[in-house]
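What follows draws every value from the coordinates through simple rules; no lab data is involved. Since we're looking at a predicted model, the values are computed, not measured. Virtual Cβ from ideal backbone geometry, glycine too; neighbours counted across all protein chains shown.
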Amino acid sequence: MKMVINKLKEALWSEVEYVLLDMDGTIFDKHFDDYFWRQLVPSEYSSKNGMDIENAKEELFKKYRSLEGTLNWTDLDFWSTELGLDIPGMTAQIAHILKVNPYVEEFLKELRRYKKKVVLATNAHYKTIDIKMAKSALDKYFDFTVTSMDMGYPKENLQYWENAEKTIAFDKERTLFVDDMEQNVLTAKHYGIKYLAVKRDGAMQQYDDDGEIELLTMDSFSDLMPNYGY
């Protein structure tokens, strides 16, 4: 693992030109979204409809699952209409619990110092992005934002990557993409992006049938920092 991460780190600071970063679960702690969709929304939905909280969760989680991997899944306006709740307003009300993952800002500063092109590559709705960037003040580190709404497809779809490449003209051979969702990273790999990593807590390697590392995983951006890691 140390050798593989060192190899990626070396490539990042010497060869990579574009760094594409996911937002939720990657640069931001995922607790915000887990709490919002699994606790707060069911609580408000049950109150609005006079339902038991467990019945509300059962109904909502079924709705969530049916729309995963679609544009509607992260569309705050869709969910406001679907549930009869002010989803953007509720998001803004709990912005104070949003946390930036460790070493993220230090990593972004280093990317700036090394003159990398930094891209926010996300499925998140633009209203979510606005709320979270206003709270964190991280938007100043990003050169571009490519959302699933703008690309017309979620990151799980190869067309997202084709449209993203047309939009910002990144070189697949000189691009790093980091996401907390394995499927998104696998899709980017299939598209041809050379440098990839899955951000998760408790890093572990995944191997393909030939015993080669399929996805490099990391638990902290310190693993990729020039003056941190191994």
MRE, 222 nm, helices only [DSSP H, n ≥ 4, -39500 (n - 2.57), over the chain, to nearest 500]: -13000 deg cm²/dmol
Qualifying lysines (Cα of each under 17 Å from Cα of Lys109; at least 8 residues distant if same chain): Lys9, Lys117, Lys140
Peptides ranked, highest mean first, by Cβ atoms within 10 Å: ranges 92-102, 18-28: 18-28, 92-102
Where labels lie 7 Å past Cα in the beta-carbon direction, separation of Glu173 and Val4 in nm: 2.4 nm
FRET efficiency, 1/(1 + (r/R0)^6) with R0 22 Å, evaluated for Phe78 and Asn49 via beta carbons: 0.75
Theoretical FRET efficiency, 1/(1+(r/R0)^6), r = Cβ-Cβ of Ala11 and Tyr103, R0 22 Å, to 0.05: 0.70
Under-5 Å amide H pairs with Leu215, H placed in peptide plane, nonlocal only: Gln206
Cα centroid separation - segment 35-51 against segment 135-196, whole Å: 32 Å
Likely footprinting exposure, Tyr160, Tyr35, Tyr141, fewest C-beta neighbours within 10 Å first: Tyr35, Tyr141, Tyr160
Vicinal HN-Hα couplings computed from phi for segment 89-96 (Karplus, 6.51 cos²θ - 1.76 cosθ + 1.60; Hz; Gly/Pro x): x, 5, 4, 5, 5, 10, 4, 5
Ranking of Trp161, Trp37 by count of other Cβ atoms within 10 Å, fewest first: Trp37, Trp161
